[in-house]
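*Asks:* One structure follows; several queries about it will come next.
The values are calculated or read from the model by the stated rules, or taken from the named source; none is laboratory data. Keep in mind that this is a model prediction, so the values were computed, not measured. Neighbour counts are summed over all protein chains in view; Cβ atoms, including those assigned to glycine, are modelled from backbone coordinates with ideal geometry. For the accessible areas, the whole protein counts, side chains as well, though only heavy atoms, and no ligand, DNA or RNA atoms are used. Shrake-Rupley method; radii C 1.70, N 1.55, O 1.52, S 1.80 Å.
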Amino acid sequence: MRNYPIALLVLLAVLITNGCSKLTRVTDVITQPTAREVYARNFDNDSLPYLNWNRAFGLALQDSLAVDLPYAEQGIFSTQSLPVYAYNLELELGRNYHFEVLTDTINPLVFIDLYEKTSDSISPFKLLEQADYESKSLSFSPKKAGNYKLVLQPQLGAKGKFSMRFSSSPAYAFPVAGLSSKAVQSFWGAARDGGRRSHEGVDIFASRGTPVLAGVDGYVSSTGNRGLGGKQVWLRDGLFGSSLYYAHLDSIIARTGQRVKIGDTLGLVGNTGNARTTPPHLHFGIYRRGSGAINPFPFIQEAQLPKASDASEIPAQVVVKASKANLRLGPSAKAEKATTLSRRDTLTVLGRTTDWLHIKTSENQHAFLHESLVKNQ
């Protein structure tokens, strides 16, 4: 008899005792299937409804709709169609993004996929994150700013009301006690020294002596009184992370090498260095290894919460009542025009955001249309 490890024999015994479902779960720990792959197990390979559902998802990756965050949309999942919601997004470094779908029942399942736009013409989108199976939310912190695509798709046969909410929050706590980003009065890129250089940070104006706070857990890599920044503190975000720069301090409280937590006092607001002729303020900057200075404002701007969409009943279909109606690639009259419709054209409504309808044409084109241009069918 072969001398198998005892742990392996025990595992085999457990699997035999508990059946195939246990085996599947153990295998999933190793293979880590996606939520869509887990869902596919409910269907035969040649299931026509599932094939159509999966095809609708593939087509959605070609949609060109673009929305700004924060964003909210409300609608009704219909069993009469295969709704998929795809949006192009501009995501910033320094923001934590949260995407969620709220439904009026525990079911249906909703699949949330986030892609990064690439320069590859054959595979223009790279999958970055997926919501867990049975989860209706996804959080993401980009490692770089750029173009992304978010795709949301309910399960086959889904029905009932839904509400989408896309929001973001800052990666760091605000660095001046008792204030918010409304206190920022000089922003990244502003001209300095008659245009010979640009501002590599933001200036937060406050009363002299206001505490300057650690925006992140880390350690103080340097302190001193030197150069343009005067009295200054450098805070490292982790061992290999970014360096946070606090300048023009009236006094320094933190010590070099000190480990600090979010909210610990590093110093007090002042106007030392080249800020002697200006009111007291904190110059706050962020420097990344290999990148140099980056815009710190997204890292400290308050959470951006979406406005609630209109909660009134949303029609399943509408008819164009104007002589001409422009479809837009975003919910704004300034958004790029997709096409123009004529009076009596019929459209399927997928959702509403403020006073714009998210619609689908008979040719399966997705777009936004102002609701003043249509009437209920």
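*Asks:* Restricting attention to the alpha-carbon atoms of the stretch 94-190, what are Rg (one decimal) and Dmax (integer), both in Å?
*Replies:* 17.5, 53
*Asks:* Helix 20-31 against the longest principal axis of the chain: what's the angle in degrees, Cα atoms only, rounded to the nearest 10?
*Replies:* 40 degrees
*Asks:* Turning to a different aspect of this structure: Just in the stretch 226-262: which trypsin sites (Lys or Arg not before Pro) are loop by DSSP and have at most 11 other Cβ atoms within 10 Å? All intermediate terms of the calculation are to be shown ahead of the outcome.
*Replies:* Working: sites: 226, 231, 236, 255, 259, 261; in loops: 255, 261.
Sites meeting the loop and neighbour criteria: 255, 261.
*Asks:* A follow-up question, please. Probe 1.4 Å, all protein chains in place: accessible area of residue 44 in Å², nearest 10?
*Replies:* Accessible area of residue 44: about 110 Å².
*Asks:* Per-residue ellipticity at 222 nm for the chain, helices alone: DSSP H runs ≥ 4 residues times -39500 (n - 2.57), over residue total, nearest 500 deg cm²/dmol? Intermediate results must be reported in sequence, preceding the final value.
*Replies:* Working: 5 runs with 48 residues, N = 377.
Using -39500 (n - 2.57) per qualifying helix, the result is -3500 deg cm²/dmol.
*Asks:* Less than 14 Å apart at the alpha-carbon level, and either on another chain or at least 8 residues along: which aspartates and glutamates does that give for residue 334?
*Replies:* 68
*Asks:* If the cut-off is a Cα-Cα distance under 12 Å, which aspartates and glutamates reach residue 324, setting aside same-chain residues fewer than 8 apart in sequence?
*Replies:* In chain and number order, the partners are 345.
*Asks:* Quote the Stokes-Einstein diffusion coefficient, in whole µm² s⁻¹, for the stretch 27-75, based on the Kirkwood radius over alpha carbon pairs, a temperature of 4 °C and a viscosity of 1.567 mPa s. Walk me through the numbers on the way to the answer.
*Replies:* Numbers: Rh = 13.8 Å.
Using the Kirkwood radius from Cα pairs, D works out to 94 µm²/s.
*Asks:* Something else: If you add up the charges near residue 294, with Lys and Arg at +1 and Asp and Glu at -1, over every other residue whose beta carbon is less than 13 angstrom from its beta carbon, what do you get? Can you show the working numbers first?
*Replies:* Details: positive: 95, 143, 144, 288, 289; negative: 92, 200, 237.
Around residue 294, the surrounding residues sum to +2.
*Asks:* Would you pull out the residues with amide H under 5 Å of residue 269's amide H, same chain only if 5 or more places away, H placed 1.01 Å from N?
*Replies:* When sequence neighbours closer than 5 places are left aside, the close amide H contacts are 209, 210, 212, 250.
*Asks:* Along the principal axes of its C-alpha atoms, what lengths does the stretch 209-270 span, in descending order and rounded to whole Å?
*Replies:* Principal-axis extents of the stretch 209-270 (Cα, largest first): 27, 22, 15 Å.
*Asks:* Ignoring ligands, DNA and RNA, what accessible area per residue does the stretch 209-360 give at 1.4 Å, in Å²?
*Replies:* Values: 7100 Å² over 152 residues.
Dividing the accessible area of the stretch 209-360 by its residue count gives 47 Å².
*Asks:* To continue, here is another question. For Cα pairs less than 8 Å apart in space and 6+ apart in sequence, what is the mean separation divided by the residue count of the stretch 145-243, i.e. the relative contact order in percent? The partial results should precede the final answer.
*Replies:* Working: 97 pairs, mean separation 18.5, N = 99.
Over the stretch 145-243, the number comes to 19 percent.
*Asks:* Could you calculate the FRET efficiency of residue 81 with residue 289 from 1/(1 + (r/R0)^6), where r is the beta carbon distance between them and R0 is 41 Å, rounded to 0.05? List each step's numbers first, then the result.
*Replies:* Numbers: r = 49 Å, r/R0 = 1.19.
Efficiency, rounded to the nearest 0.05: 0.25.
*Asks:* Once the whole set of protein chains is in place, how much accessible area is left on residue 43, using a 1.4 Å probe, in Å² to the nearest 10?
*Replies:* Probe radius 1.4 Å; accessible area of residue 43 about 50 Å².
*Asks:* Starting from the coordinates of the alpha-carbon atoms of the chain, obtain the Kirkwood hydrodynamic radius over all distinct pairs and give the value in Å to one decimal.
*Replies:* Working: mean 1/r = 0.0409 Å⁻¹.
Result for the chain, one decimal place: 24.4 Å.
*Asks:* Setting aside same-chain residues fewer than 8 positions from residue 136, which lysines have a Cα under 26 Å from its Cα?
*Replies:* Result set, ordered by chain and number: 22, 117, 126, 144, 149, 159, 161, 307, 360.
*Asks:* Just to be sure I understand the curve: with the Debye formula and one point per C-alpha of the stretch 316-369, what is log10 I(q)/I(0) at q = 0.21, 0.24 Å⁻¹?
*Replies:* -0.69, -0.92
*Asks:* Still on this model: Using 0.36 nm per residue of separation minus the Cα-Cα distance, give me the extension gain between residue 355 and residue 50 in nm, one decimal. Working shown, then result.
*Replies:* Details: separation 305, 0.36 × 305 = 109.80 nm, distance 3.36 nm.
Contour length minus the Cα-Cα distance gives 106.4 nm.
*Asks:* Which one, 94, 241, 201, has the greatest fluctuation when you compute a Gaussian network model over the chain with C-alpha springs under 10 angstrom?
*Replies:* 241
*Asks:* Full extension from residue 173 to residue 41: what is 0.36 nm times the residue separation minus their Cα-Cα distance, to one decimal in nm? Don't skip to the answer; put the middle values down first.
*Replies:* Details: separation 132, 0.36 × 132 = 47.52 nm, distance 4.38 nm.
Going from the current span to full extension adds 43.1 nm.
*Asks:* If I model a spin label at residue 277 and residue 208 as a point 7 Å from the Cα along the Cα→Cβ vector, what separation in nanometres do I get?
*Replies:* Distance between the two pseudo-spin positions: 1.8 nm.
*Asks:* Still on this structure, please answer the following. Please compute, over every Cα-Cα pair in the stretch 253-377, the percentage with a separation greater than 25 angstrom.
*Replies:* Values: 4113 of 7750 pairs.
Within the stretch 253-377, distances greater than 25 Å cover 53 percent of Cα pairs.
*Asks:* Could you work out how far helix 48-60 tilts from the main Cα principal axis of the chain, as a 0 to 90 degree angle to the nearest 10?
*Replies:* Once rounded, the angle reads 30 degrees.
*Asks:* For the chain, what's the relative contact order in percent, using C-alpha pairs closer than 8 Å and at least 6 residues apart?
*Replies:* 15 percent
*Asks:* Roughly how many percent of the accessible protein surface of the stretch 106-177 is carbon and sulfur, given a 1.4 Å probe and a whole-percent answer? Present the calculation step by step, with values, prior to reporting the outcome.
*Replies:* Values: 1600 of 3390 Å².
Within the stretch 106-177, the accessible surface is 47 percent carbon and sulfur.
*Asks:* From Cα pairs below 8 angstrom and at least 6 apart in sequence, can you work out the relative contact order of the stretch 70-150, rounded to a whole percent?
*Replies:* Details: 118 pairs, mean separation 33.6, N = 81.
The normalised contact order for the stretch 70-150 reaches 41 percent.
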